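The values are calculated or read from the model by the stated rules, or taken from the named source; none is laboratory data. Quick caveat, the model's predicted, so the values are computed rather than measured. Glycine gets a Cβ as well: all are built from the backbone with ideal geometry, and neighbour counts include every protein chain shown. Remember, those area values only see protein heavy atoms, side chains included, never the ligands or the DNA or RNA. Shrake-Rupley method; radii C 1.70, N 1.55, O 1.52, S 1.80 Å.
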Amino acid sequence: QVQLVESGGGLVQPGGSLRLSCVLSRGFFRSYAMGWYRQAPGKQRELVAELTSSGSTNYADSAKGRFTVSRDNAKNTVNLQMNSLKPEDTAVYYCHASRAVFEYWGQGTQVTVSS
């Protein structure tokens, strides 16, 4: 069974930074497209950033210039570096993996941006 385990969420002040990490427990990591989504209270889940198996990236407009997604194939890990955080970035962040018709979600990690 494929599992995604996230870490790195927490409370940060506006303008601060956080780094989220997600480990894929099994499977051929290089073959998966990996991404991060978020869901704020009362809102739909939305894409934040994604990274294909070939290395192409796609960012939500709200994330461009502030967030960076990267992957470490040797460690089966995808990271999301978030800088210049704003209160509107507050949400539960979910790791996502997809390959062909298969997709998997992590359990989510809370990010709260507040003074």
Requested in this report: Hey, can you grab everything whose amide H is under 5 Å from the amide H of Q3? Only 5+ residues off in sequence or another chain; H modelled, so Pro and N-termini drop out.
Outcome: S25, R26
Requested in this report: Please give the residues of the range 73-115, grouped as numeric ranges, whose backbone N is less than 11 Å from a label point set 7 Å along the Cα-to-Cβ vector of A40.
Outcome: 86-92, 113
Query raised in the report: How large is the charge dipole for the range 18-62, taken about the Cα centre, if only the Cβ atoms of Lys, Arg (+1) and Asp, Glu (-1) carry charge, to the nearest 20 debye?
Result: 200 debye
Query - Inter-part distance where the range 1-22 and the range 66-90 are each reduced to a Cα centre, Å - result: 8 Å
**Report entry** Neighbour cut-off at most 16 other Cβ (10 Å), DSSP loop, trypsin sites (Lys or Arg not before Pro), the range 1-56
**Finding:** R26, K43, R45
**Report entry** Accessible surface, 1.4 Å probe, highest first, among residues W36, W105
**Finding:** W105, W36
Query raised in the report: Over the chain, what percent of the accessible surface lies on carbon and sulfur atoms, probe 1.4 Å?
Result: 47 percent
Requested in this report: Could you state the accessible area per residue of the chain in Å², with a 1.4 Å probe and every protein chain left in place?
Outcome: 54 Å²
